[in-house]
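Here is the structure we will look at, set down as structure tokens.
The values are calculated or read from the model by the stated rules, or taken from the named source; none is laboratory data. Since the model is a prediction, treat every value here as computed from it, not as a measurement. All Cβ positions, even for glycine, are placed from backbone atoms using ideal geometry, and neighbour counts span all protein chains on display.
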Amino acid sequence: METTDIWKLLPHRYPFLLVDRVIEIVDDKRIVCIKNVTINEQVFTGHFPDTPVFPGVMIVEALAQAAGILAFASRGRTLDDGYIYYLAGTDKTKFKSSVVPGDQIRLEVDIINLRSHWMKAQGKAYVGDRLACSTLLTCAEQKAS
């Protein structure tokens, strides 16, 4: 799934779309996505100019966006159907290593519990084989206004 396909499922756009590509998706189960971290991203002008580090909160947001794509795909919906998925909570978030410009983050999200209007999922972000972040995500479905 490329960027134009992702646009049909997520309302995010540059500079806040944090999923570059979907490389694997199994409805109701799992998604694997890619986020390429580049030095020209706006966040690096202030975080931190002399030692650029991709913010942990942005890694969690990227995992949440991957979870949103999975939720849409699992429900067989797109944005045109009038729904949106929001990040409703995170638990047990841990940051294990830094992510820097030039890294490629592999975002892995596995559904723990999928209900009619919400989803619990386990998210893990890797750079190569190195775990950068893990978190439990709660995503809530809402009718878009």
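Scan the range 26-53 residue by residue and report those that are more than 13 Å from the chain's Cα centre (by Cα) and either of a type in the set (Asp, Glu) or closer than 17 Å to Glu108 by Cβ (or both).
Within the range 26-53, Val26, Asp27, Asp28, Lys29, Val37, Glu41, Asp50 meet the criteria.
Is it true that some residue in the range 37-59 is within 21 Å of Leu114 (Cα to Cα) and at pLDDT 95 or above?
No, the conditions are met nowhere in the range 37-59.
Let me confirm something: among Ala125, Ala73, which residue is out of contact with any helix residue (DSSP H, G or I) (no Cβ under 9 Å at 6 or more places or on another chain) and buried (at least 17 other Cβ atoms within 10 Å of the Cβ)?
On inspection, the qualifying residue turns out to be Ala73.
Could you list all residues from the range 1-35 that are in a strand (DSSP E or B) and exposed (fewer than 13 other Cβ atoms within 10 Å of the Cβ)?
Hits for the range 1-35 are Ile23, Glu24.
Hey, can you tell me all the residues within the range 105-122 that are among the polar types (S, T, N, Q), loosely packed, with under 14 Cβ neighbours inside 10 Å and at pLDDT 95 or above?
Asn113, the sole residue that qualifies.
As an exercise: evaluate Val99 against (1) buried (at least 21 other Cβ atoms within 10 Å of the Cβ); (2) modelled with pLDDT under 95 and give the number of the one condition it does not meet.
The failed condition is (2).
Determine which single condition Asp91 fails, assuming it passes every other condition in (1) surrounded by 14 or more Cβ atoms within 10 Å (Cβ to Cβ); (2) over 16 Å from Ala66 (Cα atoms); (3) touching a Leu at 6+ places or on another chain (Cβ under 7 Å).
All conditions are met except number (1).
Find all pairs meeting these conditions: Cβ atoms under 6 angstrom apart; at least six residues apart or on different chains; first residue within the range 4-18 and closer than 12 Å to Gln65 by Cβ; second residue outside any loop (DSSP other than H, G, I, E, B) and modelled with pLDDT of 95 or more.
Here the result reads Leu9/Ile69; Leu10/Gln65; Leu10/Gly68; Leu18/Lys35; Leu18/Glu61; Leu18/Ala62; Leu18/Gln65, each pair linking the range 4-18 to a residue that is outside any loop (DSSP other than H, G, I, E, B) and modelled with pLDDT of 95 or more.
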